[in-house]
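Only the coordinates and a few stated rules stand behind these numbers; no lab work does. The structure displayed is predicted, hence computed values, not measured ones. Quick reminder, even Gly has a Cβ in these numbers, built from the backbone with ideal geometry, and neighbours come from all protein chains shown.
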Amino acid sequence: MPNPLQGAQFVLAAHRVDQLPADRGVEVAFAGRSNAGKSSALNALTGHRGLARTSKTPGRTQQMVAFSLPPVTLGEGRPPLEARLIDLPGYGYAKVPEALRAHWKQEIDAYLHRRESLRGVVLIADIRHPLKEFDRMMLDFCFHRGLACHVLLTKADKLSRNQAAQSLAALRKGFPDGMHATAQVFSSPDSLGVEEAREAVVRLLQG
Ligand code: GDP
């Protein structure tokens, strides 16, 4: 199957929401705690190895990064819409000073509440430690704004199949009632769940 996210390109890195590309078209945000595997997942989904920098360069992960995608058409006869992925700063990176942490909490909050082109969030969580405080906060934000959320439980290669399935089931049970939330297991090195995740992103963009 051709990759619908192929052709993603770096557009810009921003320190504030108002530095992001114009708020039109549709976009999906990627969020997660530092080291959860967000950059690896972005690279696997777009099929572009060097697109998002992995944790070897943590400074880069302390920005909001916009990537353009091929335009999305939401129905016959309608004009194609600009489409983007937004890589939100990794949350909880240990060496980040408190003031910067507070800055990002505020910017992520502003972004999630006000960004009109935002169609959904992909939440990246290590399958061995899902639903930490940050992940619950993200689910809560999405729930209250009526935004769809798709959770990638990464590093599934670190668990047996059975353990991974149990972790997925436990996560799904924890979703707030009535929330538009979906989840899957994922592994970057094993390319596990890559197509499923691509389809989820496309669904969010079209939502
Ligand atoms: P980020 O900080 O969330 O962007 O995380 P990275 O993508 O940079 O990954 C953090 C570390 O976890 C790196 O050493 C990756 O090689 C590793 N990693 C990422 N995804 C996976 C995965 O699915 N399985 C395993 N075993 N390691 C992973």
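From the list ALA83, ALA110, ALA125, the lone residue that is farther than 19 Å from LEU42 by Cα and aliphatic (A, V, I, L, M) is ALA110. Here is a check on your reading of the model: is ALA170 more than 23 Å from ALA52 (Cα to Cα), in contact (Cβ under 8 Å) with a residue 12 or more places away in the chain and within 16 Å of the ligand (Cβ to nearest atom)? No. Can you list the strands (runs of 3 or more DSSP E) found entirely within segment 1-92 that contain at least 2 residues being within 12 Å of the ligand (Cβ to nearest atom)? Strands (runs of 3 or more DSSP E) meeting the threshold: 26-32. Considering each residue of segment 42-52 in turn, at least one proves to be under 27 Å from GLU195 (Cα atoms) and among the polar types (S, T, N, Q).
Is one or more of the residues making up segment 144-164 under 17 Å from the mean Cα position of the chain (by Cα), surrounded by 19 or more Cβ atoms within 10 Å (Cβ to Cβ), in a helix (DSSP H, G or I) and away from the ligand (no atom under 16 Å from the Cβ)? Scanning segment 144-164 turns up no residue that is under 17 Å from the mean Cα position of the chain (by Cα), surrounded by 19 or more Cβ atoms within 10 Å (Cβ to Cβ), in a helix (DSSP H, G or I) and away from the ligand (no atom under 16 Å from the Cβ). Scanning segment 68-91 for residues that are of a type outside the set (A, V, I, L, M), touching a residue at least 60 places away in the same chain (Cβ under 8 Å) and in contact with an Asp or Glu (Cβ under 7 Å, 6 or more places away or on another chain) returns a single hit, ARG84. Restricting GLU107, GLU116 to residues that are surrounded by fewer than 17 Cβ atoms within 10 Å (Cβ to Cβ) and away from the ligand (no atom under 16 Å from the Cβ) narrows the list to GLU116. Quick one: is VAL96 within 16 Å of the ligand (Cβ to nearest atom), at negative phi and part of a strand (DSSP E or B)? Against the criterion (within 16 Å of the ligand (Cβ to nearest atom), at negative phi and part of a strand (DSSP E or B)), VAL96 does not qualify.
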